[in-house]
Amino acid sequence: MGGVSSGGEDWRALAHAEQLLDLRRDAEAEQRFRDVLASDPQSVRALLGLGRALNRQDRHAEAERAVRSAVALDPEHAGGYQVLVDILCDRRDGPAAVAAAETALSLAPHDFTSHYQHARALLSQRRPRVRDAYEAALRAVDLAPHSPDAHNLVGLCLDALGYHDHAQAAFRNALAIDPLHTLAQNNLAATEMDRGRLGHAAGMLRSAVGNDPQEKRLHQNLDAVLLLLGRRVLWSLFGAAVVLGIMLAAGAPWWARALGGVAYVGAVALLVHRVRAELPAGVSQWGRGLWGRTRWTGRYLMMLLVLLSVGVLLLAFAPYAVATAAGLALASSLQVLGLVCVLGWLGYAVVNLVRGR
């Protein structure tokens with residue numbers, strides 16, 4: 001990116017700083033940009049790079065100040081407004097993002113990035129203007145048909161409009177251009193999760209994490225896979241508790257209950273193994289931190305999993321008297337919790353899939 005400079009700009013240092021940004025070494029890049037600005041405080045290129053580095057570190061307010069300084073120095077530079085859109089979208093300041101995007105569009109109407117950022121800004125509104133964003137994303141594709149980012153954004157718009165098959169096709173178009181496009185892999189995995197295809201989604205996320213292990217959205221969606229898997233197990237536990245409770249009330253012998261319990265445990269183990277096999281290596285250790293990372297709805301789900309698991313095991317394998325007492329206690333607990341309503345609610349509340357653009 002070019003811009004107004006006081007004249008002493010160190011182009012080699014700037015190139016190195018931008019290379020560090022490409023490598024996701026954001027803290028080092030920040031320091032390099034600050035070194036340039038120490039000798040040339042009016043370097044627009046350095047200010048924009050500093051804004052990008054700070055934004056990557058979730059220091060959005062500092063990033064906005066740096067980029068607005070660059071824009072003030074060179075108000076005719078569309079690239080400054082394009083960077084500003086990224087920051088304002090991350091700050092969830094939709095109106096300001098649209099204003100910055102429209103300025104960039106007026107300055108560079110034939111630059112695909114202007115249309116791309118305009119679409120992003122329109123999607124960032126509290127009430128996203130999805131159809132307008134879709135038109136802007138299509139214009140970006142027209143101007144840059146070989147840009148995987150543009151195809152990925154078209155996919156996001158189609159997904160938001162409810163055209164999920166077409167959205168998947170757009171994500172696959174992005175991946176045909178760049179097989180390592182992390183966000184397209186992430187978004188395609190999210191659509192697979194929406195369809196309940198956890199194994200496919202986990203495999204895609206594993207590949208994406210291998211390509212870009214520092215991308216936060218991938219880790220959030222891996223958490224979502226685990227929570228969705230937990231929700232499936234929770235439903236199955238509820239079903240198993242009902243069946244075993246009926247067997248217990250009918251006076252079924254212990255061996256029949258135990259045989260049903262063994263069959264159920266085997267089926268759940270197979271389900272968990274099939275999904276886990278598609279997840280990245282070391283997911284068991286990483287998954288132990290899920291309690292601290294998830295929202296309270298996810299924690300509630302995990303507590304229900306423990307409660308129902310203990311109840312089902314007692315119903316299946318405990319002697320008749322103990323199983324009966326456990327069944328009555330479990331029924332009372334579930335009645336208080338209103339489990340059927342809770343399970344339906346958790347279906348919407350517990351998982352927050354994160355798309356990327």
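The values are calculated or read from the model by the stated rules, or taken from the named source; none is laboratory data. This structure is a prediction, so every number in the text was calculated from the model and none was measured. Note that we place each Cβ from the backbone using ideal geometry, even for glycine, and neighbour counts take in every protein chain shown. For accessibility, only protein heavy atoms count, side chains too; no ligands or nucleic acids. Shrake-Rupley method; radii C 1.70, N 1.55, O 1.52, S 1.80 Å.
For the range 16-45, a tally of residues being closer than 17 Å to residue 71 by Cα and within 30 Å of the chain's Cα centre (by Cα) returns 1. Which one of the conditions (1) in a helix (DSSP H, G or I); (2) open to solvent by 40 Å² or more (accessible area, probe 1.4 Å) does residue 179 fail to meet, given that it meets all the rest? (1) is the only condition that residue 179 fails.
For the range 114-128, filtering for residues that are over 23 Å from the mean Cα position of the chain (by Cα) and open to solvent by 10 Å² or more (accessible area, probe 1.4 Å) leaves 1. Could you list, in sequence order, the residues of the range 156-169 that are within 24 Å of residue 91 (Cβ to Cβ) and either buried (at least 20 other Cβ atoms within 10 Å of the Cβ) or touching a strand residue (DSSP E or B) at 6+ places or on another chain (Cβ under 6 Å) (or both)? Within the range 156-169, 156, 157, 159 meet the criteria. The lone criterion from (1) at pLDDT 90 or above; (2) open to solvent by less than 20 Å² (accessible area, probe 1.4 Å) left unmet by residue 202 is number (1).
Taking the criterion of being small (Gly, Ala, Ser), open to solvent by less than 30 Å² (accessible area, probe 1.4 Å) and not in a helix (DSSP H, G or I), would at least one residue in the range 129-141 satisfy it?
First, the residues of the range 129-141 that are small (Gly, Ala, Ser): 133, 136-137, 140.
Okay, now just the ones that are also open to solvent by less than 30 Å² (accessible area, probe 1.4 Å), so 133, 136-137, 140.
Subset that is not in a helix (DSSP H, G or I): none.
Checked against the condition, which is being small (Gly, Ala, Ser), open to solvent by less than 30 Å² (accessible area, probe 1.4 Å) and not in a helix (DSSP H, G or I), the range 129-141 yields no hits at all.
For the range 68-100, what are the residues that are outside any helix (DSSP H, G or I) and surrounded by 22 or more Cβ atoms within 10 Å (Cβ to Cβ)? Across the range 68-100, the qualifying residue is only 77.
Scanning the range 223-245 for residues that are β-branched (Val, Ile, Thr) and modelled with pLDDT under 75 turns up just one, 225.
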